[in-house]
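A quick write-up on the structure given underneath.
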2 protein chains.
Amino acid sequence: MIQATNVTPLFNDLAKIEHDRNVACHACSLYSLCLPLGLNNNDLIRLDSIIERSQNYKRGYALFTSDQPFKSLFVVRSGSFKTTISATDGRDQVTGFYFPGEFIALDAIHQQNYQSNAKALESSSVCELPFQNMEEIGKGMPQLQIQMLTRLSKELAGDKTFMLLLGKKTADEKLATFLLSLSKRFQDRGFSATNFQLSMSRSDIANHLGLAVETVSRLFSRFQEEGLISIAGKALSVQDIEKLKQLCG
Amino acid sequence: MIQATNVTPLFNDLAKIEHDRNVACHACSLYSLCLPLGLNNNDLIRLDSIIERSQNYKRGYALFTSDQPFKSLFVVRSGSFKTTISATDGRDQVTGFYFPGEFIALDAIHQQNYQSNAKALESSSVCELPFQNMEEIGKGMPQLQIQMLTRLSKELAGDKTFMLLLGKKTADEKLATFLLSLSKRFQDRGFSATNFQLSMSRSDIANHLGLAVETVSRLFSRFQEEGLISIAGKALSVQDIEKLKQLCG
DNA sequence: CACACAAATTGACATGGATCATGGAAAAGC
DNA sequence: GCTTTTCCATGATCCATGTCAATTTGTGTG
């Protein structure tokens, strides 16, 4: 189980940390980052009752694909995921990476099918929220409704910011921005902001940022030469976070 | 007042069409595209009572900017708007164009401030939905809550699709995709899918698509030479919609 | 109407990052 | 533990699109 607030493993691997399938929301270490925040006790218990806690998804396994009917929202419980959308000709775009406490499939609400594909980047688990049930219990829970709206709105804001990255930033700025975003998210989860494992491949990063793999690889090397970071395989250590921030534009 | 379902002006200018500030939702021609869809009569009346219908915003006027406190959501009533976000160094990104029936400011819900800037592209008007009031009346209106979630989710899906455009598409594909998106939206509003006015400048288009103005200008010229479109100033006519679709990738 | 200013077009040229190619290092499969 | 496959790093080259510059067209204003 993630006890994010107590331990700060330096080179954390979110997947390796044991977690208990049966921990209820009120006892979950992700509570403060997660959906139930702000719900009263009764509401929390009802919400809890509709949540299905998944088994492990191994690295590379699909949580859902865009040809499947939309049924549930998911919250990452441990590990991490990527989502992608595909053009008709096979090109695809990594639309996001998702860490514990973050929602997946918000873009599919009230569509027939999921709008994207979600894959585990490492051994991971999720809480599954069957949407039908959520609607049902949500009718009497304004706080839950507001939480949902807030979540959606924040993801939307993040995506707009990401448009600026894709449309206007240089390769350097893109990578710096991306690394800082990871750093921030690890920190929010009680991990080191400066030492962590990249669970995604170089090619996932490149794809997400609208770059070629080779460019990302070269940038990692250069950032290292310049003393901004030090990187060995998937282990990243941020050496000069201030310079990195300046680089974001 | 827009009577979109009855008239199909060829070169429509959404702003020039007269509209009555006092038309209630149930009598509004945008009804089927707009928020109230699916509400029962009582609920509709309550929703109606909190909506503030704006005066005209002239071309270039700001609906809000990102330094202002978030207060209301907006639905375009007539005309059109663009939204932008700014990097610290002054660069900015056009994050979207908004036409009648479409929501603006969904990315600001439960943030302190608006997250972007919204400007009128032509003489335009909006319906203003004070968010406090919406939350209030929403508590007893599950249908309204669902409508809101659906709206947010659809915008999210659109943004993810747009990421693929920004990250993976060539200049040709970007412009073709953009033109078809406009075409579709005009059609949905009862206008011609093939003949319409571009209310935004070339530079807004370029910025939105992550291109230089010159590139957009050249593409318009080339698309015209190739018989895909014919364009004179802001008046666009789609000549070969099928070829355009093939170009989207 | 004429002026001033902003927007759009078009051409010439430059370049950031893509693509291609190769070799080595992990990781996965058996 | 060996083999196969995928991933990553780095160099050489190329090209789609950006940048700069000059001109034309459109637009708003007194």
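The values are calculated or read from the model by the stated rules, or taken from the named source; none is laboratory data. Keep in mind that what you see is a predicted model, and the values were worked out from it rather than measured. Neighbour counts are summed over all protein chains in view; Cβ atoms, including those assigned to glycine, are modelled from backbone coordinates with ideal geometry.
Hey, can you tell me all the residues within segment A:116-129 that are within 24 Å of B:THR150 (Cβ to Cβ) and more than 8 Å from chain B (Cβ to nearest Cβ)?
Those that are within 24 Å of B:THR150 (Cβ to Cβ) and more than 8 Å from chain B (Cβ to nearest Cβ): A:ASN117, A:ALA118, A:VAL126, A:CYS127, A:GLU128, A:LEU129.
Can you list the strands (runs of 3 or more DSSP E) found entirely within segment B:133-249 that contain at least 2 residues being of a type in the set (A, V, I, L, M) and buried (at least 19 other Cβ atoms within 10 Å of the Cβ)? Step through it out loud before you land on a result.
Numbers: elements: B:195-197, B:229-232, B:235-238.
Once the strands (runs of 3 or more DSSP E) in segment B:133-249 are filtered for at least 2 residues that are of a type in the set (A, V, I, L, M) and buried (at least 19 other Cβ atoms within 10 Å of the Cβ), what remains is B:235-238.
Of (1) in contact with a helix residue (DSSP H, G or I) (Cβ under 8 Å, 6 or more places away or on another chain); (2) assigned to a strand (DSSP E or B), B:ASP107 satisfies all except one. Which?
(2)
Take the residues of segment A:79-101 that are surrounded by fewer than 22 Cβ atoms within 10 Å (Cβ to Cβ) and either over 24 Å from A:LEU211 (Cα atoms) or of a type in the set (Asp, Glu) (or both): which is nearest to the chain's Cα centre (by Cα)?
Residue satisfying both the conditions and the ranking: A:ASP92.
Which residue out of A:PRO100, A:PRO36, A:PRO9 is in a loop (DSSP other than H, G, I, E, B) and at pLDDT 95 or above?
Of the residues listed, the single one that is in a loop (DSSP other than H, G, I, E, B) and at pLDDT 95 or above is A:PRO100.
Counting only residues that are at the interface with chain B (Cβ under 7 Å from one of its Cβ atoms) and closer than 30 Å to A:ASP48 by Cβ, how many does segment A:139-171 have?
Total satisfying the criteria: 13.
Read through the list (1) modelled with pLDDT of 95 or more; (2) away from every other protein chain (no Cβ under 13 Å); (3) surrounded by fewer than 21 Cβ atoms within 10 Å (Cβ to Cβ), then give the number of the only condition that B:ASN113 fails.
Condition not satisfied by B:ASN113: (2).
Can you tell me which residue in segment A:148-190 is farthest from DNA strand D (Cβ to nearest atom), limited to those that are of a type in the set (Ser, Thr, Tyr) and without any contact (Cβ under 8 Å) to a residue 24 or more places away in the chain?
Ranking the candidates gives A:THR150 first.
For residues in segment B:58-71 being more than 14 Å from every other protein chain (Cβ to nearest Cβ) and more than 16 Å from DNA strand C (Cβ to nearest atom), which is nearest to the chain's Cα centre (by Cα)?
B:LEU63
In this structure, does A:PHE196 turn out to be within 14 Å of another protein chain (Cβ to nearest Cβ) and either within 16 Å of DNA strand D (Cβ to nearest atom) or touching a strand residue (DSSP E or B) at 6+ places or on another chain (Cβ under 6 Å) (or both)?
Working: within 14 Å of another protein chain (Cβ to nearest Cβ): no; either within 16 Å of DNA strand D (Cβ to nearest atom) or touching a strand residue (DSSP E or B) at 6+ places or on another chain (Cβ under 6 Å) (or both): yes.
No; evaluated as a whole, the condition is false for this residue.
Residues are listed down the side, and each one gets a yes or a no for (1) without any contact (Cβ under 8 Å) to a residue 12 or more places away in the chain; (2) part of a loop (DSSP other than H, G, I, E, B); (3) of a type in the set (Lys, Arg):
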| site | (1), (2), (3) |
| --- | --- |
| B:SER32 | yes, no, no |
| B:ASP43 | no, no, no |
| B:ARG46 | no, no, yes |
| B:SER49 | yes, no, no |
| B:GLN55 | no, yes, no |
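Listed residues A:GLU128, A:GLU173, A:GLU122; which is more than 16 Å from DNA strand C (Cβ to nearest atom) and acidic (Asp, Glu)?
One residue alone meets the criteria, A:GLU128.
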